[in-house]
1. If you scan the stretch 103-126, which residues turn out to be within 16 Å of the ligand (Cβ to nearest atom) and either touching a Leu at 6+ places or on another chain (Cβ under 9 Å) or assigned to a loop (DSSP other than H, G, I, E, B) (or both)?
2. Check whether at least one residue in the stretch 132-144 is within 16 Å of the ligand (Cβ to nearest atom) and either among the β-branched types (Val, Ile, Thr) or modelled with pLDDT under 95 (or both), and report yes or no.
3. If you check GLU163 against the conditions, is it acidic (Asp, Glu) and within 16 Å of the ligand (Cβ to nearest atom)?
4. Of all residues in the stretch 96-107, count the ones that are touching a residue at least 60 places away in the same chain (Cβ under 8 Å), closer than 27 Å to LYS13 by Cα and within 16 Å of the chain's Cα centre (by Cα).
5. Would you please name the residue that is surrounded by the most Cβ atoms within 10 Å (Cβ to Cβ), looking only at residues in the stretch 30-54 that are modelled with pLDDT of 95 or more and β-branched (Val, Ile, Thr)?
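The values are calculated or read from the model by the stated rules, or taken from the named source; none is laboratory data. Small disclaimer: the values here were computed from a predicted structure and weren't measured. As a convention, Cβ positions derive from the backbone with ideal geometry for all residues, glycine included, and neighbour counts pool all protein chains shown.
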Amino acid sequence: MQILKIKAKEDLKLSALKRGEIHRVQVLVSDNAMGVPWRVPLIIVKGMENGPVLGITAALHGNELNGISTIFKLIKEVNPLKLKGTLVLVPISNVPGYLENKRYFSDNVDLNRIMPGKPIGKTSEIYAHHFVSKIVSKFNYLLDLHTASHGRVNSLYIRADLENEETRNLAYLQNPQIIVQKYDEEGTLRSWANDNNIPAITIEIGNSNAFQHTLIDETLEGILNTMKYLKMIRGKPVNMVDDAVVCDNSYWIYSQRGGIIDVFPNLADVITEGQVIAKVYDVFGQVKEEIKANMSGVVIGKNVSPNCEAGNRVLHLGVSVMCPKPGHIPGNN
Ligand SMILES: [Zn+2]
């Protein structure tokens with residue numbers, strides 16, 4: 001297998017890649033303290049005919065791994081001889097974070113808060129700058145694959161700006177359990193992409209540090225739906241959900257006391273205002289705090305780590321259901 005290496009001052013030219021083939025590419029984005037390059041691996045599926053460039057990024061938080069398996073499964077599904085356009089798959093976006101099995105970059109900065117980085121700046125900013133300019137700027141559409149943080153669990157849910165028709169359609173195409181209206185938070189990859197006319201959504205796939213194949217297979221189906229919608233492959237989108245829970249917003253509920261916490265609701269449960277969602281015990285087993293939902297909503301994610309300091313995140317609650325439906329999507333009955 002041949003690997004194409006893109007050096008520091010070289011540009012990745014998608015147009016120069018041979019059509020009808022899968023290309024493995026390493027893009028040099030920056031150097032570590034040994035002077036050894038950090039190379040971001042890309043799998044580029046170049047179709048026979050012209051069409052959009054769909055970019056899929058995973059592990060921008062280095063311990064959020066379900067997206068890697070999703071990408072590996074996707075390669076097996078796509079025949080470059082029958083593809084229109086180009087798939088650019090980035091299984092490991094945050095190389096140093098992945099190597100240390102942690103969310104952050106090597107300097108403990110969250111890459112997904114500093115996009116698009118700076119050409120001259122902190123180590124994470126330089127990496128982010130080259131990651132965006134050499135890779136993500138080539139995309140026409142972006143699906144950014146994430147998971148819950150360590151110690152928490154998530155449903156399959158989408159963060160997208162539902163007031164924008166293009167990103168709203170991308171959100172519904174994924175068949176998620178839950179869609180949350182989120183304006184683009186500054187510094188995120190999604191925000192940079194949408195500001196630069198690359199429609200982008202965030203797909204949150206379950207938990208960190210794991211491969212969860214049921215959620216991975218559901219995510220894969222959503223990506224294939226997206227490719228059908230963009231006419232990159234033949235067919236109509238399937239299983240478009242009418243019953244996704246759509247939330248206008250989401251909030252974290254925090255503990256006020258420290259101790260040992262037990263969080264009761266399951267993912268995707270609907271809970272009502274005033275319901276007891278967790279109890280914090282002291283080390284002698286006595287209840288110190290009963291945490292109640294301060295509004296009704298649906299459980300997007302929750303803490304599963306029993307040791308709890310005062311002010312820890314307990315439960316991620318999606319609220320309200322007043323967002324618009326998708327625009328017309330072929331196959332969406
Ligand atoms: Zn993440």
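1. Answer for the stretch 103-126, where residues must be within 16 Å of the ligand (Cβ to nearest atom) and either touching a Leu at 6+ places or on another chain (Cβ under 9 Å) or assigned to a loop (DSSP other than H, G, I, E, B) (or both): ARG103, TYR104, PHE105, ASN108, VAL109, ASP110, LEU111, ASN112, ILE114, MET115, SER124.
2. yes
3. Numbers: acidic (Asp, Glu): yes; within 16 Å of the ligand (Cβ to nearest atom): no.
For GLU163, the condition - acidic (Asp, Glu) and within 16 Å of the ligand (Cβ to nearest atom) - is not met.
4. Taking the stretch 96-107 as the starting set, the residues that turn out to be touching a residue at least 60 places away in the same chain (Cβ under 8 Å) are 96, 101, 103, 106.
With closer than 27 Å to LYS13 by Cα added as a condition, the list becomes 96.
Within this subset, residues satisfying the condition of being within 16 Å of the chain's Cα centre (by Cα) are none.
The total comes to 0.
5. Once the filter is applied, the top-ranked residue is VAL40.
So that you can scan it fast, the table gives a plain yes or no per residue for (1) out of contact with any Pro (no Cβ under 7 Å at 6 or more places or on another chain); (2) without any contact (Cβ under 8 Å) to a residue 60 or more places away in the chain:
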residue	(1), (2)
VAL36	yes, yes
PRO41	no, yes
ASN50	yes, yes
VAL53	yes, no
LEU65	yes, no
